[in-house]
């Protein structure tokens, strides 16, 4: 579940986000949207968050963590993610979309929600959520609302997608000496294991949303859900996550290649 919790960082950052596409909408409007929604801060902090997550999962004094951190910092770029998402939003959002989105994110309620979502990215809060799953799931009405929110942003599907990309990068060193068929079988087993744990992933994502928005009254939470259901919010979320997924596919592919190169070098050095 550690990989799922790291992938969740992305989910908490963006969705909690007769027109034609218009060429003269200004980049400043996109910048305002990305900053007010909290997306820029989250994406720029992402490499550190990934490293922190794996440091918690690794044994104390793991000698490989320093090398892993170096490779993440080299291959996973928050600035590049911001640039790619910004370009996708510039291409796909209309003036009407931007007006509706920026109007929402400028409200006190939206700013409060963004602050709650930023707090939810803290690794310690993620650990507390994991420890309190059953108690968080006891409030049935909150859980129903959390699942409705998560369905709107496809939380579980996106978490699995990000986890698959991360795991492929992490498995790369293990596959150095495998032939193509064995590599494909290993990846199929990993994907099957993620699907097997889908119910647990759904539970964690629902509990996480319950914990994140616990301080909101149910009327405010429903207002947020209603916002997420609007076409402009759905477009904002979908375009942002698709752009991030494409960027991550490249970045984690590069991370996997870098890790494989380190592993191959170690094998060669050992043979010598």
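Structural remarks
- Selection of the range 213-234 for residues being surrounded by 18 or more Cβ atoms within 10 Å (Cβ to Cβ) and under 18 Å from residue 99 (Cβ atoms) yields 227, 228, 232, 233.
Okay, residues lined up against (1) surrounded by 20 or more Cβ atoms within 10 Å (Cβ to Cβ); (2) within 27 Å of residue 235 (Cα to Cα); (3) modelled with pLDDT under 65; (4) over 16 Å from the mean Cα position of the chain (by Cα):
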{"position": "31", "(1), (2), (3), (4)": "no, yes, no, yes"}
{"position": "36", "(1), (2), (3), (4)": "no, yes, no, yes"}
{"position": "41", "(1), (2), (3), (4)": "no, yes, no, no"}
{"position": "52", "(1), (2), (3), (4)": "no, no, no, no"}
{"position": "59", "(1), (2), (3), (4)": "no, no, yes, yes"}
{"position": "64", "(1), (2), (3), (4)": "no, no, no, yes"}
{"position": "70", "(1), (2), (3), (4)": "no, no, no, yes"}
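- Members of the range 80-95 that are farther than 15 Å from residue 50 by Cβ and either in contact with a strand residue (DSSP E or B) (Cβ under 9 Å, 6 or more places away or on another chain) or in a helix (DSSP H, G or I) (or both): 82, 83, 84, 85, 86, 87, 88, 89, 90, 91, 92, 95
- The helices (runs of 4 or more DSSP H) falling completely within the range 96-205 that include 1 or more residues that are modelled with pLDDT of 85 or more and farther than 30 Å from residue 29 by Cβ map to 123-131, 133-136, 140-152, 180-196.
- Those residues of the range 215-230 which are in contact with a helix residue (DSSP H, G or I) (Cβ under 8 Å, 6 or more places away or on another chain) and part of a helix (DSSP H, G or I), in sequence order: 218, 220, 221, 222, 223, 224, 225, 227, 228, 229
- Qualifying residue in the range 235-252 (condition: over 30 Å from residue 79 (Cα atoms), modelled with pLDDT of 85 or more and assigned to a helix (DSSP H, G or I)): no
- Residue tally, condition in contact with a helix residue (DSSP H, G or I) (Cβ under 7 Å, 6 or more places away or on another chain) and farther than 19 Å from residue 253 by Cβ, over the range 160-214: 14
- Selection of the range 70-79 for residues being closer than 15 Å to residue 41 by Cα and in a helix (DSSP H, G or I) yields 78, 79.
The values are calculated or read from the model by the stated rules, or taken from the named source; none is laboratory data. Since this is a predicted model, take the numbers as computed values, not measurements. We place every Cβ from the backbone using ideal geometry, glycine too, and count neighbours over all the protein chains shown.
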